[in-house]
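For reference, the structure discussed in these notes is given below.
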Amino acid sequence: MIKENDIYKVTGLDYTSEGIGLAKVDDFPIFINNLIIGEEAEIKITKVKRKFALGKIIRFTKMSEDRITPIVPETIHLGGCQFTQLSYEKEVEYKLSKVNRALRVIGGLDYEVETIHAAKSPYFYRNKTVLPFDKRKSGKVYTGLYRHNTHEIIAMDKTHLDDELASDVVREIRNLLEEYDYKIYDEKSHKGFFRKVMVRVSYYLREVMVVLITKDEYIPKIDAFCSDLVAKCPYITTISQNINPLRTNVILGKKEKVLYGPGVINEKLHDLKFSLSSKSFFQVNTAQAEVLYDRAITLAELSKSDVVLDAYSGTGTIALLASKKAKEVIGVEIVKEAVEDAKENAKQNNVKNVKFFKDDAGAFLTREINNYNFDVVIVDPPRKGLSGEFINSLLKTLPPKIMYVSCDPATLARDLKVLTNKYQIEHIECVDMFPRTAHVETIVLLTSKN
Ligand code: SAH
């Protein structure tokens, strides 16, 4: 039996779905941060659970040739950003093999994916940053990311994933918080003003949104604070205050006030313009999102006579891009704000052949499938994949083409196992949307066997 504090010599065999190193002792899985496949290390067991244990590296006995020095050294303490110490080429190779393994093992499919679109720049790509604040006894304010498996913030001047313009803004905010001597929110006592900051940067248009997340609504001298911030960072387009008075890990509260500017920023995807509010969903890696959308729409070979369903449509990105090639596009999405944004985006871009509905994708398809004759169904579900109801409706009515955009290879493989009873796989490829993390996007074109 494995016990806490036991010492073992192990070999890195794989990574967990969050990118933590995986080794085994007598077939029992041990999760070890910072262990790369092929590396050997002496480890100490720190926690034992029913199905796995956690371990910590004491010393390496064999290091991998694929190991690199992380560009932001503090990232070695994080969980879920495992790949900062693995060469980017190996990361991309690993992701492709992970997708292929899921298709084979979970999906029982005989298909080998060969293409993965690697990112041109695997760092500083995130267009949305959320960072918690903390303050030292000396009065120094710091931001950073949480240490692996803890709530302790590791102070970082900049992170390795966030757009560097956002890191510049956060640096100025920290300086000003010190200057104004504001109290920083403390989780334990539930006291203090400033909890977190969210910064959104539009990748192409370089507009910047700052959202100051505070516990209380009244913050003394907040207007002067905002003027000083804009004087230091003139490229800030808008500042909002989001009030989150609850004891919670949820980032944003319900109430929000615009303190400066229009409360939204604009982004461009090809020749379409999107307005983003603080709460709208937008893919965090704009450059790779374009690659993903382009490939999905190109592979779907839409024609001017096609009626297309964009299920799980978010703020309408895929639907609006597809609208130019199709006769009509119907978007369905469950979040009300996202649907409102999607409608507004259609209006702004003068797109007339799309309609958006707020509904559960499965319920919508079951109800409406006989009212529309969908030629192509595009799906982009969250990690849990398609609902049983959605798949059943597809299998009953058999729209000729399905384009499945997935952010989770395991649920994709599970869904493909069922869909391939009536559909055949024409093509699969991957896009690395989230470099330096364990996540990967996959797109699959299916055609009906009928
Ligand atoms: N295609 C969009 C959004 C993809 S993210 C884009 O690329 O920007 C997945 C979306 O599915 C989210 O917007 C989420 O709110 C939505 N969603 C989650 N569950 C849903 C359901 N049951 N029915 C419809 N939409 C759902």
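Rule-based calculations on the coordinates, nothing more; no lab input. Since we're looking at a predicted model, the values are computed, not measured. Reconstructed Cβ throughout: ideal geometry from the backbone, glycine too, with neighbour counts over all protein chains shown.
Data table
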read-out: Kirkwood hydrodynamic radius (C-alpha pairs) into Stokes-Einstein, region 272-393, 25 °C and 0.890 mPa s, D in µm²/s; value: 170 µm²/s
read-out: Segments 301-307, 396-402 sorted - mean Cβ within 10 Å per residue, highest first; value: 396-402, 301-307
read-out: Relative contact order, percent, region 213-321 [alpha-carbon distance under 8 Å, six or more residues apart]; value: 18 percent
read-out: Arg383 paired with Thr397, simple spin-label distance in nm, labels 7 Å along Cα-to-beta-carbon; value: 3.1 nm
read-out: Value in Å of the Kirkwood radius, where region 336-378 supplies the Cα pairs that are averaged; value: 11.8 Å
read-out: Value of relative contact order over region 269-346, rounded to a whole percent, pairs C-alpha under 8 Å and six or more apart; value: 33 percent
read-out: Unit charges at the beta carbon, dipole of the chain: most positive-side option, Asn244, Pro70, Asn266; value: Asn244
read-out: For the chain: relative contact order, % (alpha-carbon pairs under 8 angstrom, 6 or more apart); value: 12 percent
read-out: Highest-first arrangement of 222-228, 436-442, 278-284, 315-321, where packing means the average Cβ count within 10 Å; value: 315-321, 436-442, 278-284, 222-228
read-out: Whether region 197-277 is rounded, prolate or oblate, judged on the alpha carbon gyration tensor where a/c under 1.5 counts as rounded; value: oblate
read-out: Dipole magnitude of region 6-48 about its Cα centre (Cβ charges: Lys, Arg +1; Asp, Glu -1), debye to nearest 20; value: 120 debye
read-out: Radius of gyration and Dmax over the Cα atoms of region 250-309, both given in Å; value: 16.1, 47
read-out: Magnitude of the charge dipole, region 267-410, Cβ model with Lys/Arg +1 and Asp/Glu -1, debye to 20; value: 220 debye
read-out: Candidates per chymotrypsin sites (Phe, Trp or Tyr not before Pro) in region 21-104, loop by DSSP, up to 16 other Cβ within 10 Å; value: Phe52
read-out: Along principal axes, Cα extents of region 103-156, largest first, whole Å; value: 61, 27, 13
read-out: Average projection area in nm² (convex hull over Cα atoms of the chain, one quarter of hull surface); value: 23.1 nm²
read-out: Global form of region 33-184, assessed from the alpha-carbon gyration tensor, a/c cut-off 1.5; value: prolate
read-out: Among Gly144, Leu165, Tyr180 - extreme Cα towards positive end, dipole of region 142-183, charges at beta-carbon; value: Gly144
